[in-house]
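> Structure provided below as structure tokens; questions to follow.
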Ligand code: AQP
């Protein structure tokens, strides 16, 4: 049997070029090598408040963007997390073997908790739910951006702890990072990860941004006060734009941009991003032209994965002595 791959994206805002280069592009490239399951993790999204009407629309939009970005629904299962109850059920079982100290150490929890007036327990439990997502399908490989590496390490720790208490059940998932684009930073602040929920129109390039908007955002991106690119020593803003360009187009290399004036360099990067996103945006329009298409793909995906998920939960409950 092929190794299983699992990964997910939260439908918590507009998907951006960081989500694409750190996750979706990688998924599309490796999907044929594995038995792949790609998930819209809506239960994760509600760890911070989401407007219900917006969330419900974003779930469909995110699924359509998966397909537009190259996920083939015949080859890979595309699912919505909340449509498979076993995600939440296994998460509870794993919560019971996870020390709170492990969760308190998570940097994403600390960063997100700082921004909340009241910190919901779901935010603390976020990485346990993510562990359940992965272990539910006995995924051997999890392709993610660098920001998720710590959560993946925790997933292995939780799996190991469960196995050592209740007997070997879960396989250890390996982290798979993209060669280029594992960490895309905000255009307005190259010290911060590009993020869906960050405020400001100059922060992220959305996958559905039109060419003019992309040109404008890149033209305004924060750089330093030097006049031209020094390929040997790029400041963080220029290095971030270079990473974006290089991940979008192979012909963008250090040699090809060395000595370019910043204005010309930014135009070149914008061209590469626009060219990379154009077929995705075209496909998105096709995919969404029939309103019944995406829901049908999500039902098909759920029906394919349900038996795997239910089997794992059953085994975990049995191992713990619960009533099955
Ligand atoms: N800036 C990034 N660079 C590279 N990869 C990234 N990913 C996210 N941001 C970057 C990768 O995209 C996948 C899905 O991310 P997510 O939606 O589950 O959550 P996130 O990491 O918290 O992404 P955001 O955009 O920052 O969302 P919000 O603002 O809602 O929290 C993951 O594989 C992630 O590594």
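The values are calculated or read from the model by the stated rules, or taken from the named source; none is laboratory data. Everything quoted here is computed from the prediction, not taken from an experiment. Backbone-built Cβ (ideal geometry, glycine too); neighbour counts: all protein chains shown.
> Determine which member of the set 287, 294 is modelled with pLDDT of 95 or more and within 19 Å of residue 42 (Cα to Cα). Write out each step before concluding.
Numbers: 287 fails: within 19 Å of residue 42 (Cα to Cα).
Of 287, 294, the one residue that is modelled with pLDDT of 95 or more and within 19 Å of residue 42 (Cα to Cα) is 294.
> Do we have residue 73 as assigned by TED's automatic domain parsing to the domain that holds residue 299, near the ligand (Cβ under 9 Å from one of its atoms) and not in a helix (DSSP H, G or I) here?
Numbers: assigned by TED's automatic domain parsing to the domain that holds residue 299: yes; near the ligand (Cβ under 9 Å from one of its atoms): no; not in a helix (DSSP H, G or I): yes.
No, not satisfied.
> Tell me which residues, restricted to the stretch 148-193, are modelled with pLDDT under 95 and closer than 24 Å to residue 79 by Cβ.
178
> Looking at 251, 197, 225, which is the one that is surrounded by fewer than 20 Cβ atoms within 10 Å (Cβ to Cβ) and farther than 24 Å from residue 68 by Cα?
On inspection, the qualifying residue turns out to be 225.
> Any residue that is more than 13 Å from the ligand (Cβ to nearest atom) and either in the same structural domain as residue 119 (by TED's automatic domain parsing) or modelled with pLDDT under 95 (or both) - is there at least one of those in the stretch 5-27?
Restricting attention to the stretch 5-27, the residues satisfying the condition of being more than 13 Å from the ligand (Cβ to nearest atom) are none.
Within the stretch 5-27, none of the residues are more than 13 Å from the ligand (Cβ to nearest atom) and either in the same structural domain as residue 119 (by TED's automatic domain parsing) or modelled with pLDDT under 95 (or both).
> What helices (runs of 4 or more DSSP H) lie completely within the stretch 114-229 and have 2 or more residues being within 28 Å of residue 80 (Cα to Cα) and within 11 Å of the ligand (Cβ to nearest atom)? It would help to see each step written out before you state the result.
On the way: elements: 121-136, 149-166, 211-219.
Once the helices (runs of 4 or more DSSP H) in the stretch 114-229 are filtered for at least 2 residues that are within 28 Å of residue 80 (Cα to Cα) and within 11 Å of the ligand (Cβ to nearest atom), what remains is 121-136, 149-166.
> Here's a follow-up. Counting only residues that are touching a helix residue (DSSP H, G or I) at 6+ places or on another chain (Cβ under 8 Å) and surrounded by 13 or more Cβ atoms within 10 Å (Cβ to Cβ), how many does the stretch 307-324 have?
Final tally of qualifying residues: 9.
> So, in the stretch 1-55, exactly how many residues are touching a helix residue (DSSP H, G or I) at 6+ places or on another chain (Cβ under 8 Å), surrounded by 20 or more Cβ atoms within 10 Å (Cβ to Cβ) and in a loop (DSSP other than H, G, I, E, B)?
Total meeting the criteria: 6.
> Going through the stretch 79-99 one residue at a time, which ones are more than 20 Å from residue 48 (Cβ to Cβ) and either part of a helix (DSSP H, G or I) or within 14 Å of the ligand (Cβ to nearest atom) (or both)?
Narrowing the stretch 79-99 to residues more than 20 Å from residue 48 (Cβ to Cβ): 79, 83-86, 89-90, 92-94, 96-99.
Once the filter is applied, which keeps residues that are more than 20 Å from residue 48 (Cβ to Cβ) and either part of a helix (DSSP H, G or I) or within 14 Å of the ligand (Cβ to nearest atom) (or both), the stretch 79-99 yields 83, 86, 89, 90, 92, 93, 94.
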